[in-house]
Structures are given as structure tokens and as C-alpha cells.
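A.B. asks: Here it is, the structure in full.
The values are calculated or read from the model by the stated rules, or taken from the named source; none is laboratory data. Everything numeric in this text was worked out from a predicted model, so none of it was measured. Heads up, the Cβs are rebuilt from the backbone with ideal geometry, glycines too, and the neighbour counts pull from every protein chain shown. In case anyone asks, the SASA skips ligands and DNA or RNA and just uses the protein heavy atoms, side chains included. Shrake-Rupley method; radii C 1.70, N 1.55, O 1.52, S 1.80 Å.
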Amino acid sequence: MVASKIVILTGAGISAESGLGTFRDNGGLWDRHRIEDVATPEAFARDPDLVHSFYNTRRAQAAQAEPNPAHFALAWLQADWPGEVVIVTQNVDWLHEKAGGTAIHMHGELSRALCANCGHRSPAPLVMTPADPCRACGARATRPDIVWFGEIPYRMEEIADHLHSCDLFVAIGTSGQVYPAAGFVTEAAYAGARTLEINMTDSETSAAFDDHRVGLASQTVPAWVTAQLDGVRQL
Ligand code: APR
């Protein structure tokens, strides 16, 4: 059997058991903050202090968080699967990397700062303020390197190529409410991939998936990865 290519989309649900809040579960981030106050370019132009404060809190939480068995299982799959395993994450934490894996961060990363004046990227300090000068151009215009609502996600052409060339597409811990990520299952299926959703509950896009595994990611993802790798070993 030619080892197949697997594309895995992760959402906030994979990091929930690492203590990082999700957005739309009860009490989630969007229950406690208005998107238009903290997650749009207009919000940053209007009140950069408030936006920096929102992301400084999330950056500090991410710095304290540890990967859970779901992150480690995906890193193990990336290391041991005979084919290619590409993780595309909507998450801006670095738990996939901390677990030893790699990921395409389509919504940016809390660990990076972006200069709104010259586009220079640099490691983000734990606490960012509007007064931080850009290390390249000196302008006091650095922002979190996060893709806000109304902005174009990163590396979309590369992601589309992966979706059009994979044999299996798996979505883990995402509510399927934000595009373009929510449309990935349809794009992969149209190109011939089988599709699997791993979540605690149904999502907006559950009907589009061939298969489902329901439960906590820290339990369902290691079980699924073990089954994948055992299946290959038996060939
Ligand atoms: N195990 C598995 N799934 C879980 C767990 C868990 N322990 N905890 C929560 N979930 C699932 C929920 O059932 C839900 O479907 O994770 C999903 C979280 O959904 P959201 O909070 O909407 O997060 P996400 O889908 O990643 O949001 C997408 O929206 O606000 C933007 O940019 C932000 O990247 C984010 C995007």
C-alpha cells in the first residue's frame, strides 16, 4: 500500500484539556469578549492597549500550558507515519510544536509580533504594548501576529495544495463555524479524500464528514493514532 497523505485541521478543542479556553463553548472567549473589541484591525486602530491586553493574557496562558496526549499523539503520527502528515491549525498557541510536532498556523501565532508599518516579524515579548518600537523600522506599530476577522489567513495556497492531494482529512476540536477552515472538509472530499471528525459534540460541519469519533481529544486522538499506526504495521 502506498503510504497515504493525511491532513489534520485542529481547533481550540485540542488545547482545551491543556487549560486553554475555547471560543464558543459555554463561557468561552467570545462569551467574555466582543470580537469587534479585540479581534479586528479596526479594534486595534481604535484601542491598541485593549487588544494588546487581550493577547498578553492569552500569551501568558499559552506560556504556562503543556501539550496534552492529543498533541503528543499527532507528533508521534508525524514521526512514525510512512506517508506525509500535515497539521493545519487554527490555534495560535505553540502546543503542537512543544509536543514535538509541526503545524501550519493559518491564524498566526501568539509567539510572534508583526510591524503594521513595515511588515517585519519578530519574536513577541510576553507583554506587548503600543509603545514597543519595531526592531526593523523603529515605528511604534507592532501588533500581535494574529489573523483578525476580516483579514486573510496565512499560507492558504499551500493549504489548498495539501487539501487537494491528501487521502484522509481529519478535523479535531473545531466547531466548523469560521471559514475558510470550515470549508476544508468539502474541499478535501471533492478532491477524493476520506474525512473524519474528532470532537466532543457535533459541529456545524459534522454532516460533511464520512466518519466521526466523539469524546475528549486527549482520549480519542491517541486511540485513533494508535489504530492508524497499528494498521500500517499489520500490512
Ligand atoms: N476534546 C475535543 N473537542 C473539544 C474539547 C475536547 N476536550 N473541548 C472542546 N471541544 C470542541 C467543541 O465541541 C467545539 O466544537 O472544540 C470546538 C471548539 O470550537 P471553537 O471554540 O469555535 O474553536 P474553533 O473551532 O477553533 O474556532 C475557530 O474561530 O474565533 C475564531 O480565530 C478563532 O481559530 C478560531 C476560530
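A.B. asks: If packing is taken as the average count of other Cβ atoms within 10 Å, what order do 191-197, 80-86, 41-47 fall into, highest mean first?
C.D. replies: With the highest mean Cβ count within 10 Å placed first, the list reads 191-197, 80-86, 41-47.
A.B. asks: Which whole-number value in Å² is the accessible area per residue of the chain, probe 1.4 Å? Could you put the intermediate results ahead of the total?
C.D. replies: Details: 11010 Å² over 235 residues.
Accessible surface, normalised per residue, equals 47 Å².
A.B. asks: What is the sum of charges around Gly192, taking Lys and Arg as +1, Asp and Glu as -1, for the other residues whose C-beta is under 14 Å from the C-beta of Gly192? Mind dumping the intermediate values first?
C.D. replies: Values: positive: Lys5, Arg194; negative: Asp167, Glu187, Asp210.
Net of charged neighbours comes to -1.
A.B. asks: Another question, if that's okay. Per the chain: cysteines with no other Cys C-beta under 4.7 angstrom?
C.D. replies: Singleton cysteines: Cys166.
A.B. asks: Counting other Cβ atoms within 10 Å of each Cβ, which chymotrypsin sites (Phe, Trp or Tyr not before Pro) in region 72-157 have at most 13 and sit in a DSSP loop? The partial results should precede the final answer.
C.D. replies: Working: sites: Phe72, Trp76, Trp94, Trp148, Phe149, Tyr154; in loops: Trp94, Trp148, Phe149, Tyr154.
Passing sites in region 72-157 are Phe149.
A.B. asks: Restricting the count to DSSP beta bridges whose residues both fall in the chain, what percent are antiparallel, rounded to a multiple of 5? Show your work: numbers first, answer last.
C.D. replies: Values: 7 of 28 bridges.
Here the antiparallel bridges make up roughly 25 percent for the chain.
A.B. asks: Pop out the ³J(HN,Hα) list for region 125-133 in order, Karplus 6.51 cos²θ - 1.76 cosθ + 1.60 with θ = phi - 60°, rounded to Hz; leave Gly and Pro as x.
C.D. replies: My calculation for region 125-133 gives x, 4, 10, 9, 9, x, 7, 5, x Hz in order.
A.B. asks: Pick out, in residue order, every one of the GluC sites (Glu not before Pro) in region 145-195 that is DSSP loop and has at most 13 other C-beta atoms within 10 Å; say none if there are none. Can you show the working numbers first?
C.D. replies: On the way: sites: Glu151, Glu157, Glu158, Glu187; in loops: Glu151.
Sites meeting the loop and neighbour criteria: Glu151.
A.B. asks: Cα axis of helix 48-64 to longest principal axis of the chain: angle in degrees, 0 to 90, nearest 10?
C.D. replies: Between helix and principal axis, roughly 40 degrees.
A.B. asks: Now for a separate question. Among Gly21, Gly119, Gly173, whose mean-square fluctuation peaks in a Gaussian network model of the chain (Cα, cutoff 10 Å)?
C.D. replies: Per the Cα network of the chain with a 10 Å cutoff, Gly119 tops the list.
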